[in-house]
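Visitor: Sharing a structure below in structure tokens format, with a few things to ask.
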Amino acid sequence: MQTTDKILVIGANGQIGTVLTQTLQHKYGTEQVIATDLATKPQNASGIFETLDVLDATRLGEIIRQYNVRCVYHLAAILSATGEQHPQWAWSVNMGGLFNVLEAAREHRLQVFFPSSIASFGPHASRENTPQYSPLEPTTVYGISKVAGELWCQYYYLRYGVDARSLRYPGIISYQSLPGGGTTDYAVDIFHKAVKGEPFTCFLRPDTRLPMMYINDAIRATLMLMEAPKQQIRIRTSYNLAGMSFTPAELTAEIQKHCPDFEVQYQPDFRQTIADSWPQSLDDTDARQDWGWQPQYDLASMTADMLANLKA
Ligand code: NAD
Ligand code: SER
């Protein structure tokens, strides 16, 4: 990327988009970043914002031409739990949006970031240290859309030379905004209750181990991937990415080191079935070898930082 190249963020008001937009503005300049979302108002106070439904290919093309966009971070999606409640809608948003982005990338020679997920794996993948190349048989519409999306990114790279890059994010934990309808949302919601001094009811069993990552690591990994020289990107589907893994019981115990009176009850719901089909930890050797990935946050440092920021 040249410093004059414009960057488009689609789904900029979401959990990841809010922080990614700020980071890109800080790194490349506020005026270089075009934040867009379905909403009519931006989440971030500063910078350029446009309302965009990614399913509207005409409007997407207008924005790309108007700002001379060179790079797109396509974050708009329906997440796992919401997707199970509205499967056809989730499929049409997740696949329709990606197709519009990939077609625009082909036409305008754009670099693309597409976030995939641990949801790409299903019950036939080994659940511990899940390898990069595992059976991909997800049982959620969200997971199916992520596997299909990974393969379409690779197809556009191989067939048209589109520089599409992707990460299989773990559950993301952040304090800047609330999560948007996923199965890992409990690991954010729990902190909000803890700082308010209220009890928390968890929708997963206490022993449900899932891969997770602090937002600082997630944003750093995203920029590392996007800035890596082309020849270092050997995987054009999506890279496994790991930070930490923990259960609700372990997270509760860590929070209780800071908030000793904090109480958690467990009432598993339909999201338990989703979590049980996902890996407990990921092998991200390829990301480490190809572009130098190394997480910086573990359960203890993430918890301390979350509580400090939410209290502030
Ligand atoms: P989110 O739900 O918080 O944000 C998504 C944003 O997209 C919202 O602001 C929403 O208004 C917007 N959006 C929805 N439909 C749209 C449309 N048709 N056009 C334009 N904008 C639309 O999601 P997030 O947690 O920020 O996730 C961002 C991406 O990262 C998604 O693709 C998600 O699948 C992926 N991901 C997230 C996590 C996580 O734990 N947060 C983990 C793995 C992968
Ligand atoms: N955090 C996401 C979800 O739970 C995983 O991609 O849906």
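Visitor: Is at least one residue of the range 139-157 closer than 21 Å to residue 307 by Cα, touching a helix residue (DSSP H, G or I) at 6+ places or on another chain (Cβ under 7 Å) and either within 12 Å of ligand 2 (Cβ to nearest atom) or at pLDDT 95 or above (or both)?
Guide: No, the conditions are met nowhere in the range 139-157.
Visitor: For the range 112-133, what are the residues that are more than 11 Å from ligand 1 (Cβ to nearest atom) and open to solvent by less than 20 Å² (accessible area, probe 1.4 Å)? Spell out how you get there, then give the answer.
Guide: Taking the range 112-133 as the starting set, the residues that turn out to be more than 11 Å from ligand 1 (Cβ to nearest atom) are 112, 121-133.
Matches in the range 112-133: 112, 121, 122, 125, 130, 132.
Visitor: Could you grab me the full set of residues in the range 78-111 that are closer than 16 Å to residue 148 by Cα and buried (at least 19 other Cβ atoms within 10 Å of the Cβ)?
Guide: 78, 79, 80, 83, 90, 93, 94, 97, 98, 100, 101, 102
Visitor: Can I ask one more? Please go through the range 58-77 and give me each residue that is touching a Gly at 6+ places or on another chain (Cβ under 9 Å) and open to solvent by 20 Å² or more (accessible area, probe 1.4 Å), ordered by number.
Guide: 75, 76, 77
Visitor: So which residues in the range 155-195 are outside any helix (DSSP H, G or I), out of contact with any Leu (no Cβ under 9 Å at 6 or more places or on another chain), open to solvent by 20 Å² or more (accessible area, probe 1.4 Å) and not polar (S, T, N, Q), if there are any at all?
Guide: The answer is 161, 178.
The values are calculated or read from the model by the stated rules, or taken from the named source; none is laboratory data. Nothing here was measured: the structure is a model prediction, and the numbers come from that model. Every residue, glycine as well, gets a Cβ built from its backbone with ideal geometry; the counts of neighbours run over all protein chains shown. All accessible areas refer to the heavy atoms of the entire protein, side chains included, with ligands and DNA or RNA removed. Shrake-Rupley method; radii C 1.70, N 1.55, O 1.52, S 1.80 Å.
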